[in-house]
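**Student:** Pasting a structure below so you can have a look.
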Amino acid sequence: MSHWTTGQVSKQSNVSVRTLRYYDQIGLLTPSFKDESGRRCYSEENLFTLEKITLLKSLMLPLEEIQNLLDKLSYREILKAHYNHLQEQLSSLQTSISNTTSLINMFDLEGELSWKRISHLVQTAKHNSKKWIEYFEDDEKDFLEQVLPSLSKSDRITQQYISLLRRIEWCQQHSILPESEAGYQIGCELIAVSNDTFDGNEELMNKFWEVRKMPSETTGLYPITDQSLEFAERCIIYAEQLLNKENE
């Protein structure tokens, strides 16, 4: 019959000797027998019970409640409870990651953020999130939710749009017109990334562009100034004109 001393169990389970002795003292986990040297030894069943105690402790249950539950819950029920707890933690972590990514992208877009600005953007996102969906059919909604850039994402498409918006703002600050070399480059990249995003569906692309130009309070989309949207539109028109001339 296999058996383990207190020290061996401590190393194997990563539970301190002091904790094991305390469990023994309160009757939560008592070693099954003593060996010839008088050392208290744990059986395989004891180790199984210790694993159940560890899982129940991870659920933030007090030892008294754990003691009451040990004989009432099967190992599968304990594992299921532990699984649900981990899922809750995972959901919380994913939300934290999403929120942190949003703040990073906001900073990349705006250069610097005051607490007032952060608070405004976060509250706007909470109350107006995805109102733009109302303007599309069900099949369009499913597609757009998968492909559209979002502040909570760090994917290639989102980063491209952030970079383009920063370049548009830079051109505006330096009085560079859309009908310029810089505007042409921006226009070409906007055409390419839009085709990539909408998979060449020009009708859906134009439909979303019209929604994009609506006030952010109405759509829940990240607020972009009318001037920046107009600049982007002129860049696209200018790029298309030059590209058409090249193809004539």
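The values are calculated or read from the model by the stated rules, or taken from the named source; none is laboratory data. Given the structure is predicted, the values throughout are model-derived calculations rather than measurements. Counting neighbours? That spans all protein chains shown, and the Cβs are built from the backbone with ideal geometry, glycine included.
**Student:** At least 1 residues that are more than 31 Å from the chain's Cα centre (by Cα) and of a type outside the set (S, T, N, Q) in each: list the helices (runs of 4 or more DSSP H) lying fully within the stretch 161-248 that qualify. Let's see the steps before the verdict.
**Tutor:** On the way: elements: 181-198, 202-212, 216-219, 226-247.
Filter on the stretch 161-248 gives 181-198, 226-247.
**Student:** Shifting gears a bit: Report yes if some residue within the stretch 92-100 is outside any helix (DSSP H, G or I) and at pLDDT below 90; otherwise report no.
**Tutor:** Step one: list which residues in the stretch 92-100 are outside any helix (DSSP H, G or I), which gives none.
No: the stretch 92-100 contains no residue that is outside any helix (DSSP H, G or I) and at pLDDT below 90.
**Student:** In the stretch 52-74, is there at least one residue being basic (K, R) and exposed (fewer than 12 other Cβ atoms within 10 Å of the Cβ)?
**Tutor:** Residues of the stretch 52-74 that are basic (K, R), as a first pass: 52, 57, 72.
Among the residues that remain, those that are also exposed (fewer than 12 other Cβ atoms within 10 Å of the Cβ) are: 72.
Yes, the stretch 52-74 contains a residue that is basic (K, R) and exposed (fewer than 12 other Cβ atoms within 10 Å of the Cβ).
**Student:** Can I ask one more? I'm checking my understanding of the structure. Among residues of the stretch 125-144 that are under 17 Å from E210 (Cα atoms), in a helix (DSSP H, G or I) and of a type in the set (D, E, K, R), which one is modelled with the lowest pLDDT?
**Tutor:** Looking at the filtered set, the residue picked out is K131.
**Student:** Testing D199 on (1) over 21 Å from L109 (Cα atoms); (2) surrounded by 14 or more Cβ atoms within 10 Å (Cβ to Cβ); (3) touching a residue at least 24 places away in the same chain (Cβ under 8 Å), one condition comes back false. Which one is that?
**Tutor:** (2)
**Student:** Could you tell me which residue of the stretch 11-20 is surrounded by the most Cβ atoms within 10 Å (Cβ to Cβ), considering only residues that are in contact with a helix residue (DSSP H, G or I) (Cβ under 7 Å, 6 or more places away or on another chain) and outside any loop (DSSP other than H, G, I, E, B)?
**Tutor:** That would be L20.
**Student:** Out of all the residues in the stretch 28-66, which are in contact (Cβ under 8 Å) with a residue 24 or more places away in the chain, within 43 Å of the chain's Cα centre (by Cα) and assigned to a loop (DSSP other than H, G, I, E, B)?
**Tutor:** Within the stretch 28-66, L28, L29, L59 qualify.
**Student:** All but one of (1) more than 37 Å from the chain's Cα centre (by Cα); (2) of a type in the set (A, V, I, L, M, F, W, C); (3) under 27 Å from Q89 (Cβ atoms) hold for V15; state the number of the condition that does not hold.
**Tutor:** (1)
**Student:** Here's another thing I want to ask about it. What number of residues in the stretch 67-91 are part of a helix (DSSP H, G or I) and within 28 Å of I26 (Cα to Cα)? Don't jump to the end; show me each part of the working.
**Tutor:** First pass over the stretch 67-91, keeping only residues part of a helix (DSSP H, G or I): 67-69, 75-91.
If we keep only those that are within 28 Å of I26 (Cα to Cα) as well, we get 67-69, 75-83, 85.
Number satisfying all stated conditions: 13.
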